[in-house]
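Structure record follows, encoded as structure tokens.
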Amino acid sequence: MAPKRDPKPFGSAQPPKASGGRSKPQPRATATRQRAIPDAVANRMARRIAIATGIPTVMGMGVFIGSYLVVSRGLLDIPTGITLVASGGCFLLGLLGLSYGVLSSSWEDGAGTLLGAEQIGVNIGRLRQSVRAMREGSGNNG
């Protein structure tokens, strides 16, 4: 059985400790390096986003082209509204694919499964922890 890993929030860099009421500014290069998405994870996200948004987007454009060809050749009389709703549905599916591509990517060393469905819950948990940590951090600055 694999060891259980504690999911860490995105950008899990710890804020600098306050000394005497003032915190030391952290060098930009260090802060950027700690919060950057690893290259392997970024490549996984890019691949998933390209597939999950690219296919529905091409389908949305294909609806326009297909509808034009069918109507211009007199095969069917397709109402304009049907064409717009069908292509809009495909573009909406592409927009959802953007979120899916980011949330289904594994942040572990291994690439994960083909669809990455098991990573969605883990990554949503990490996102919530990160937002919670940011809120708590901004509440203490005032």
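Bear in mind that the values in this text are calculations on the coordinates, not laboratory data. Since the model is a prediction, treat every value here as computed from it, not as a measurement. When we count neighbours, we look across all protein chains shown, and the Cβ atoms used for this are built from the backbone with ideal geometry, even at glycine.
Placing pseudo-labels 7 Å out from each Cα toward the beta carbon at LEU75 and GLN129 gives an inter-label distance of 5.3 nm.
Two numbers describe the Cα atoms of the stretch 37-139: Rg and Dmax, which are 19.2, 65 Å. Scoring 96-104, 58-66 by mean Cβ neighbours within 10 Å over their residues and listing the highest first yields 96-104, 58-66.
May I ask you to compute the full-extension gain from ILE82 to ALA50, defined as 0.36 nm times their residue separation minus their alpha-carbon distance, rounded to one decimal in nm? Can you show the working numbers first?
Values: separation 32, 0.36 × 32 = 11.52 nm, distance 2.68 nm.
Net length gain for the segment: 8.8 nm.
Highest mean first, what order results for 105-116, 68-79 on Cβ atoms within 10 Å? Working shown, then result.
Working: 105-116: 14.2, 68-79: 10.3.
Answer by packing, highest mean first, reads 105-116, 68-79.
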